[in-house]
């Protein structure tokens, strides 16, 4: 049987192979073929600093999401070493309870290259799982940096996970993660400092500019003990209902499509820029001049951009 | 193109000695592979299912418990049942010479024994995947 047919029937090896093809960019037509089958899954992002317990939380919450015969796809992202290009993907270690469940599919992903690589491929792979018929798609992010915000752009519900060791609320406000949170979880809630952090976060949220009607819930969990998980699952479902009832889901998803298009435009321009448009020899000459302080980097940039827009093909 | 070698390193069965598996996993990562490490005490079924979902090129099993003559054939059999025979199986551990011969005959591609330099393992994997 054709790969695509097997894929649409939910055949796991076929799903795995489609993901590989999309990830490696070996079959550009494939995404077009599966795209009409997307739009049915609900995307949940789990993000937070390394060691916060994101994988353990996924392991704990998935059984709740599986209730009523639902299917859950999981993408677990870990970083690629910028030095070797290799990656150690260890999120499965903490998801053992799910490994053999018929209705669960887990895929580990390395961040790979830099030029928008991670975020972009992760979003496409989320679409693959959507098309494959999963009701929920969970994306667990690396836990560092800008990428988190990026992932939040595809998720309907973004859960930000903190631990008492994450530091005080000011740290969290600096990191910019509050802006993306729909639900905030303080995991390892049995450790000292958990209640203090929750209180601080409540104050921090009060300072937020309230433009939406959704009050961000702050929940306490102990993922490995399964504490607070029921509440977290019901809060996720409640957020889903809220978005659907208020009609926000449509607005949000359209916004996300706009962001996605913008992002793809940027990516494409970047690739072209690096591959074709910049004349490396000329650039080197200009860099030499800039090194001698004869011209500024800004001047070089203007020259390149001017040339870029005179080019017919982009 | 971004084709990367993907390998699953598994510790099947009850043996709790994962130092070797971790050393190998780190060495393969440093060689530029994407290494999926599944942790200790894995069922053969979980390893095969993970290998399929992760679409790995190769499974590397670390077995120091003496159960190699049970576990390797089981993994090979499960791969066959699941139509995933394209996934290459290699292994490492304390495995006697005469057993190695039998395992290779069954379809295990290569067994590395203690003292094998990590470079050799990396080079071997590159040579069979490329």
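With within 13 Å of another protein chain (Cβ to nearest Cβ), touching a helix residue (DSSP H, G or I) at 6+ places or on another chain (Cβ under 7 Å), assigned to a helix (DSSP H, G or I) and crowded, with 16+ Cβ neighbours inside 10 Å as the only criterion, which of A:14, A:60 stands out?
Within the list A:14, A:60, the selection yields A:14.
One line per residue, one yes/no per condition, for (1) buried (at least 22 other Cβ atoms within 10 Å of the Cβ); (2) modelled with pLDDT of 85 or more; (3) within 27 Å of residue A:222 (Cβ to Cβ); (4) in contact with a strand residue (DSSP E or B) (Cβ under 7 Å, 6 or more places away or on another chain):
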| position | (1), (2), (3), (4) |
| --- | --- |
| A:89 | yes, yes, yes, yes |
| A:108 | yes, yes, yes, yes |
| A:111 | no, no, no, yes |
| A:114 | no, no, no, no |
| A:148 | yes, no, yes, yes |
| A:157 | yes, yes, yes, yes |
| A:161 | yes, yes, yes, yes |
| A:173 | no, no, yes, no |
| A:177 | yes, no, yes, yes |
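Find the residue count for region A:76-87, including only residues that are modelled with pLDDT of 85 or more and within 7 Å of another protein chain (Cβ to nearest Cβ).
So the count comes out to 3.
Name the residue, out of A:284, A:294, A:268, that is surrounded by 11 or more Cβ atoms within 10 Å (Cβ to Cβ) and outside the structural domain of residue A:238 (by TED's automatic domain parsing).
Step by step, each of A:284, A:294, A:268 is checked, and only A:268 is surrounded by 11 or more Cβ atoms within 10 Å (Cβ to Cβ) and outside the structural domain of residue A:238 (by TED's automatic domain parsing).
Here's a check for you: in region A:18-51, which residue that is within 12 Å of chain B (Cβ to nearest Cβ), out of contact with any helix residue (DSSP H, G or I) (no Cβ under 6 Å at 6 or more places or on another chain) and in a helix (DSSP H, G or I) is surrounded by the most Cβ atoms within 10 Å (Cβ to Cβ)?
A:20
Which one of these does residue A:70 not meet: (1) part of a loop (DSSP other than H, G, I, E, B); (2) within 14 Å of chain B (Cβ to nearest Cβ); (3) modelled with pLDDT of 95 or more?
Just one mismatch for residue A:70, condition (2).
So, of the residues in region A:116-136 that are modelled with pLDDT of 90 or more and either within 14 Å of another protein chain (Cβ to nearest Cβ) or within 16 Å of residue B:34 (Cα to Cα) (or both), which turns out to be farthest from the chain's Cα centre (by Cα)?
Residue satisfying both the conditions and the ranking: A:132.
Only residues in region B:16-42 that are closer than 16 Å to residue A:111 by Cα count as the first member; pair them with residues that are surrounded by fewer than 17 Cβ atoms within 10 Å (Cβ to Cβ), Cβ under 6 angstrom, at least 6 apart or cross-chain, and list the lot.
The qualifying pairs are B:30/A:84; B:32/A:84.
Being surrounded by 17 or more Cβ atoms within 10 Å (Cβ to Cβ), modelled with pLDDT of 90 or more and in contact with a helix residue (DSSP H, G or I) (Cβ under 7 Å, 6 or more places away or on another chain) is the filter; apply it to region B:34-45 and report the residue that is farthest from the other protein chains (Cβ to nearest Cβ).
The selected residue is B:44.
Restricting to region A:217-260, name every residue that is out of contact with any helix residue (DSSP H, G or I) (no Cβ under 7 Å at 6 or more places or on another chain), modelled with pLDDT of 95 or more and outside any helix (DSSP H, G or I).
Scanning region A:217-260 gives A:222, A:227, A:228.
Considering only residues that are under 23 Å from the mean Cα position of the chain (by Cα) and in a helix (DSSP H, G or I), which ones fall in region A:202-216?
A:205
Residue by residue through region B:63-83, note down the ones that are touching a residue at least 24 places away in the same chain (Cβ under 8 Å), assigned to a loop (DSSP other than H, G, I, E, B) and over 19 Å from residue B:16 (Cβ atoms).
Hit for region B:63-83 is B:82, nothing else.
For residue A:22, indicate whether it is in contact with a strand residue (DSSP E or B) (Cβ under 8 Å, 6 or more places away or on another chain) and not assigned by TED's automatic domain parsing to the domain that holds residue A:153.
Criteria not met by residue A:22.
Does at least one position in region B:46-69 carry a residue that is surrounded by fewer than 20 Cβ atoms within 10 Å (Cβ to Cβ), at pLDDT below 95 and within 14 Å of chain A (Cβ to nearest Cβ)?
yes
Please tell me if residue A:257 is in contact (Cβ under 8 Å) with a residue 12 or more places away in the chain and either within 18 Å of residue A:54 (Cα to Cα) or loosely packed, with under 13 Cβ neighbours inside 10 Å (or both).
Here the answer is no, as residue A:257 does not meet what is asked.
In region B:20-33, is there at least one residue being crowded, with 24+ Cβ neighbours inside 10 Å and outside any helix (DSSP H, G or I)?
yes
Could you identify the single residue in B:79, B:104 that is within 13 Å of another protein chain (Cβ to nearest Cβ) and within 15 Å of the chain's Cα centre (by Cα)?
After ruling out the rest, the residue left standing is B:79.
Looking only at region A:91-105, which residues are modelled with pLDDT of 95 or more and within 11 Å of chain B (Cβ to nearest Cβ)?
A:104, A:105
The values are calculated or read from the model by the stated rules, or taken from the named source; none is laboratory data. Since we're looking at a predicted model, the values are computed, not measured. Using ideal geometry, Cβ is built from the backbone for each residue, glycine included, and neighbour counts are taken over all protein chains shown.
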